[in-house]
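Enquirer: Got a structure here, written out as structure tokens. Questions coming.
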Amino acid sequence: MVIMSGTATVLQQFVSGLKSRNEDTRAKSAKDLQHYVTTELRELSQDEATTFYDELNHHIFELVSSSDVNEKKGGILAIVSLIGVEGGNATRISRFANYLRNLLPSSDPVVMEMASKAMGHLSMAGDTFTAEYVEFEVKRALEWLGADRNEGRRHAAVLVLRELAVSAPTFFFQQVQPFFDNIFYAVWDPKQAIREGAVSALRACLILTTQRETKEMQKPQWYKQTFEEAEKGFDETLAKEKE
């Protein structure tokens, strides 16, 4: 089915706005898109709505796959605007997960920040999806931390871990032990942005452990390990100052 000319024009306006080099224009287009799909699009027939979404998904794929950073950002904003719409179509949500996954790592730190936040939003799309999604993404991020140092992957990993710890604490909690086994590789990374991201992820994880633990299942070694790592940093600094 060919998308109706009126709807095609509206879609093209959204896409043009999402491609804009102006941040406010991109944000407004994403907001307008969300409004459109939750109001006017629902007045169309099922076939027309399906065709619109098919065309929109194609454009979003092109945006996130673009070499233009602004278009990537527009694609991420579009994804976020559609998460949770009509309860979230399972196929669409799975597709968005792949789009975001392929954006990381990125040479642009803002793209990585936006993509990781979008992954946090996506992790709240539904219980069945969330459980599998969080497990997969946390394990991938931890693999990136534990493997040979790759700056881009390590930075992306700490951003993703922070967002998932905040957005999906129940499912993230199931991966807490391997998190503590690997996060300190990034805490002591030579690059400041990675260190700061790692500390933010560590803070988010410590918050969720204090909220999720019962007295019977407390794991003092997590806090002891964090304290010892912090002490080690001070000890190394003092040692260097004495040299």
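Enquirer: From the residues Val187, Ala141, Pro169, which one has its Cα farthest along the dipole of the range 129-198 in the positive direction, the dipole being from +1 and -1 charges on Cβ of Lys/Arg and Asp/Glu about the Cα centre?
Expert: Value: Val187.
Enquirer: May I pose another question? Can you list the HN-Hα couplings for the range 31-48, worked out from phi with the Karplus curve (6.51, -1.76, 1.60; θ = phi - 60°), rounded to whole Hz and with x for Gly and Pro?
Expert: 5, 5, 4, 4, 5, 5, 6, 9, 10, 4, 4, 5, 7, 7, 5, 4, 4, 5
Enquirer: Now a separate question. Taking the Cα centre as origin and putting +1 on Lys and Arg beta-carbons and -1 on Asp and Glu beta-carbons, what dipole magnitude results for the range 25-166, to the nearest 20 debye? Walk me through the numbers before you get to the answer.
Expert: Numbers: 16 positive and 21 negative charges, 120 e Å.
Here the range 25-166 has a charge dipole of around 580 debye.
Enquirer: State the label only: which of (1) 27.5, 83; (2) 15.8, 42; (3) 20.8, 76 corresponds to Rg and Dmax of the Cα atoms in Å computed from the shown model?
Expert: (3)
Enquirer: Another question, then. Below 8 Å between Cα atoms, with a sequence gap of 6+, how large is the relative contact order for the chain in percent? Walk me through the intermediate numbers first.
Expert: Values: 254 pairs, mean separation 31.4, N = 243.
Relative contact order for the chain comes out at 13 percent.
Enquirer: Multiply the residue separation of His35 and Arg212 by 0.36 nm, subtract the distance between their alpha-carbon atoms, and state the gained length in nm to one decimal.
Expert: Working: separation 177, 0.36 × 177 = 63.72 nm, distance 3.62 nm.
So the chain would gain 60.1 nm between His35 and Arg212.
Enquirer: While we're looking at this one, here's another question. Can you bin the range 1-141 into rounded, prolate or oblate? Criterion: square roots of the alpha carbon gyration tensor eigenvalues sorted a ≥ b ≥ c, rounded for a/c under 1.5, prolate for a/b above b/c, oblate for the rest. Please list the in-between numbers first.
Expert: On the way: a/c = 2.05, a/b = 1.27, b/c = 1.62.
Verdict is oblate for the range 1-141.
Enquirer: Let me ask something additional. Mind checking the dipole of the chain: about its Cα centre, +1 per Lys or Arg Cβ, -1 per Asp or Glu Cβ, Debye to the nearest 20? Mind dumping the intermediate values first?
Expert: Numbers: 28 positive and 35 negative charges, 65 e Å.
Rounded to the nearest 20 debye, it is 320 debye.
Enquirer: Right, something else. All other residues with a Cβ under 9 Å from the Cβ of Leu18 taken together, and with Lys, Arg as +1 and Asp, Glu as -1, what is their net charge?
Expert: Details: positive: Lys19, Arg26, Lys73; negative: Glu71.
Summing Lys and Arg as +1 and Asp and Glu as -1 gives +2.
Enquirer: Turning to a different aspect of this structure: For Lys73, Lys139, what's the fewest-to-most ordering of other Cβ within 10 Å of each Cβ? Working shown, then result.
Expert: Values: Lys73 26, Lys139 12.
Sorted ascending by nearby Cβ count, the order is Lys139, Lys73.
Enquirer: So, by mean Cβ neighbours within 10 angstrom, what's the order for 102-108, 202-208 with the highest one leading?
Expert: Working: 102-108: 16.7, 202-208: 18.3.
The peptides rank, most packed first, as 202-208, 102-108.
Enquirer: To the nearest 500 deg cm²/dmol, what mean residue ellipticity at 222 nm is calculated for the chain from DSSP H runs of n ≥ 4 alone, each contributing -39,500 (n - 2.57), summed and divided by the residues?
Expert: Values: 12 runs with 188 residues, N = 243.
My calculation for the chain gives -25500 deg cm²/dmol from helical runs alone.
Enquirer: Further question: How do Trp188, Trp144, Trp222 line up, fewest other C-beta atoms within 10 Å first?
Expert: In increasing order of surrounding Cβ atoms, one gets Trp188, Trp222, Trp144.
Enquirer: I'd like the Karplus ³J(HN,Hα) series for the range 71-82: coefficients 6.51, -1.76, 1.60, θ = phi - 60°, whole numbers in Hz, and an x wherever there's a Gly or Pro.
Expert: 5, 4, 4, x, x, 5, 4, 5, 4, 4, 5, 9
Enquirer: Express the relative contact order of the range 1-144 as a whole percentage, based on alpha carbon pairs under 8 Å and six or more residues apart in sequence. All intermediate terms of the calculation are to be shown ahead of the outcome.
Expert: Working: 124 pairs, mean separation 29.8, N = 144.
21 percent.
No value in this document is a laboratory result; all are computed from the given coordinates. Note that the coordinates shown come from a computational prediction; the quantities given were computed from them, not determined experimentally. A quick note on method: Cβ atoms are made from the backbone with ideal geometry, for glycine too, and the neighbour counts reach across all protein chains shown.
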